[in-house]
Amino acid sequence: MTQIKGREDAGLYPFPYCRETGGTMARTIDILRTEHVNMSRLLGLLEHQIAKLERADNPNLELIKSITEYFDAFPRLCHHPKEDVIYRRLMARAPDKIADLSDLEDEHADVMTRLEEFIHALDNVLLEVQMPRRQFVEIARNFVVKERQHMAMEEREFFPAALASLKDRDWAAIDAELNDNNDPLFDAQVEDRFRNLRRELLAWGEEVA
């Protein structure tokens, strides 16, 4: 593994981090954008492992499993619910602003369906159930591509619409409704089950820097 120099969390953005752009609305959206940055880095590591699998170059299947476990934990239980709260408030306040947007809650359901398909395929591989390599690679790549497209849509359309349309009282109500969930991978206190994933992500980040 590549030697990590400097701070243990160099190059990663922990969940509480946000730029001082002022106001609850800026902090809320900034946190969501930071989470997107972190998930994008994780997708990059996953894509690296998928490429190794495609080349039959000894991919780390346990590392891939840890990545799927993270996406099944934090985005499902914390990140998506936060966005859903904002989306419902935006629907009530300015439905015309999101008339051309896909239903975000449906989008999140689709994300989880793709993740479950990926997890099921990975479990089969780990259990040595016969599955063509190409089929597994297609399922894995589809998850990565669709997840990136989903986050790009939110950055391009959903977040700007929320920032432009919601008022201070809306953001105060949103903030009161949100749960203060910890990020088990990117917080300063990393959960034991994700410690190896954290080390691998830091090492890979230095390799591609």
Quiz prompt | Tally, over segment 132-187, of residues that are farther than 20 Å from Phe74 by Cα and without any contact (Cβ under 8 Å) to a residue 24 or more places away in the chain | solution = 8
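Looking only at segment 148-203, how many residues end up being touching a Gly at 6+ places or on another chain (Cβ under 8 Å) and surrounded by 14 or more Cβ atoms within 10 Å (Cβ to Cβ)? It would help to see each step written out before you state the result.
Filtering segment 148-203 down to residues touching a Gly at 6+ places or on another chain (Cβ under 8 Å) leaves 168, 171, 202.
Next cut, surrounded by 14 or more Cβ atoms within 10 Å (Cβ to Cβ) only: 171, 202.
The number of residues fulfilling the criteria is 2.
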Practice problem: Go over the candidates Phe15, Phe74 one by one and state the one that is in a loop (DSSP other than H, G, I, E, B), closer than 24 Å to Ala188 by Cα and modelled with pLDDT under 95. | Solution: Phe15
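Could you check segment 110-124 and list, in sequence order, the residues that are closer than 14 Å to Leu46 by Cβ and not small (Gly, Ala, Ser)?
We begin by selecting, within segment 110-124, every residue closer than 14 Å to Leu46 by Cβ; these are 114-115, 118-119, 121-122.
Matches in segment 110-124: Arg114, Leu115, Phe118, Ile119, Leu122.
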Quiz prompt | Evaluation of His48 against (1) modelled with pLDDT under 90; (2) over 20 Å from His150 (Cβ atoms); (3) not polar (S, T, N, Q) (one fails), failing number | solution = (1)
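What helices (runs of 4 or more DSSP H) lie completely within segment 131-209 and have 1 or more residues being modelled with pLDDT of 90 or more and within 20 Å of the chain's Cα centre (by Cα)?
On the way: elements: 133-153, 159-165, 168-177, 195-208.
Hits in segment 131-209: 133-153, 159-165, 195-208.
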Quiz item: Only one of (1) assigned to a helix (DSSP H, G or I); (2) surrounded by 13 or more Cβ atoms within 10 Å (Cβ to Cβ); (3) of a type in the set (A, V, I, L, M) fails for Ala109. Which number is that?
Solution: (2)
Quiz item: Say we look at segment 96-106 and pick out the residues that are in contact with a helix residue (DSSP H, G or I) (Cβ under 6 Å, 6 or more places away or on another chain) and modelled with pLDDT of 90 or more; which of these is surrounded by the fewest Cβ atoms within 10 Å (Cβ to Cβ)?
Solution: Glu105
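The values are calculated or read from the model by the stated rules, or taken from the named source; none is laboratory data. Computed from a predicted structure; not experimentally measured. Every residue, glycine among them, receives a Cβ derived from its backbone with ideal geometry; neighbour counts consider all protein chains shown.
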